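Data block below; observations after.
Readers should treat all values here as calculations from the given coordinates under stated rules, not as data from a laboratory. The shown structure was predicted, so the numbers you read here are calculated from the model rather than taken from an experiment. Counting neighbours? That spans all protein chains shown, and the Cβs are built from the backbone with ideal geometry, glycine included.
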Amino acid sequence: MKSITIALFILFCFIRIDYICAQEEIPCFKKNNIMSEKINKSDSEWKEELPSEIYRVTREKGTERAFTGKYYNLKENGVYYCVCCKNKLFDSNTKFDSGTGWPSFYAPFKKESVHEEQDKSYGMIRTEVTCNKCGAHLGHVFNDGPQPTGLRYCINSASLIFNKKE
Ligand SMILES: [Zn+2]
């Protein structure tokens, strides 16, 4: 009899946890909320909103010429946002001088800030990095970065907007 009572109590606890998790503020459901925040605009909507160079890089997977972007040499403290949707993408704490002519970071702002996918264009196998909120093309990630991650996020300045820390 006692074991049945314990079993019922455990079952009740599980139901209770499920119920609590279904409430919106609970972190275990946060991931789904992020998914629902995604921005889906058509190419023509983006084309209307964005300057042509930003449209070419972010929506047509273009690459700006090395040493021409406005952020490759910037050393100020602040946060880099997605130029299309203002999603937080990189913190200046993780920026380093890679010598490549593109802004380089060893980590994204949060793991879920960006999306990574294999890119086989131009006869190379690379990992493309996009904004996880609006799908903007940002650049590529390589395995030759500094510690602590060993990664190098090679990002177009055109995909970013910088906001200085006060
Ligand atoms: Zn975005």
Of the listed links 95/165; 41/70; 88/111, those spanning more than 22 angstrom between alpha carbons are 41/70
Phi-derived 3J(HN,Hα) across the range 77-88 with the Karplus relation (6.51, -1.76, 1.60, θ = phi - 60°), rounded Hz, x for Gly and Pro, is 7, x, 10, 9, 9, 5, 5, 7, 10, 6, 5, 5
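If we sort 142-149, 97-104 on the protection proxy, mean other Cβ atoms within 10 Å, highest first, what's the order?
Working: 142-149: 12.4, 97-104: 17.9.
In descending order of packing, they fall as 97-104, 142-149.
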Note, the range 90-103: 3J(HN,Hα) by Karplus (6.51, -1.76, 1.60, θ = phi - 60°), whole Hz, Gly/Pro = x, goes 9, 9, 4, 4, 9, 7, 9, 8, 8, x, 8, x, 10, x
Each label sits 7 Å from Cα toward the beta-carbon; between residue 44 and residue 147 the label points are separated, in nm, by 5.4
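Where does the charge balance sit around residue 54 when Lys and Arg score +1, Asp and Glu -1, over other residues with C-beta under 11 Å from its C-beta?
Numbers: positive: 47, 56, 59; negative: 49, 53, 60, 64.
Taking every other residue near residue 54 into account, the sum is -1.
When Lys and Arg each count +1 and Asp and Glu each count -1, what net charge do the other residues less than 9 Å away from residue 118, Cβ to Cβ, add up to?
Working: positive: 120, 126; negative: 116, 117, 119, 128.
Spelling it out: positives minus negatives among the neighbours equals -2.
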The long-range amide H neighbours of residue 102, using H built 1.01 Å from N in the peptide plane and a cut-off of under 5 Å, are 67
Ordering 44-57, 150-163 by per-residue average of other C-beta atoms within 10 angstrom, highest first, gives 150-163, 44-57
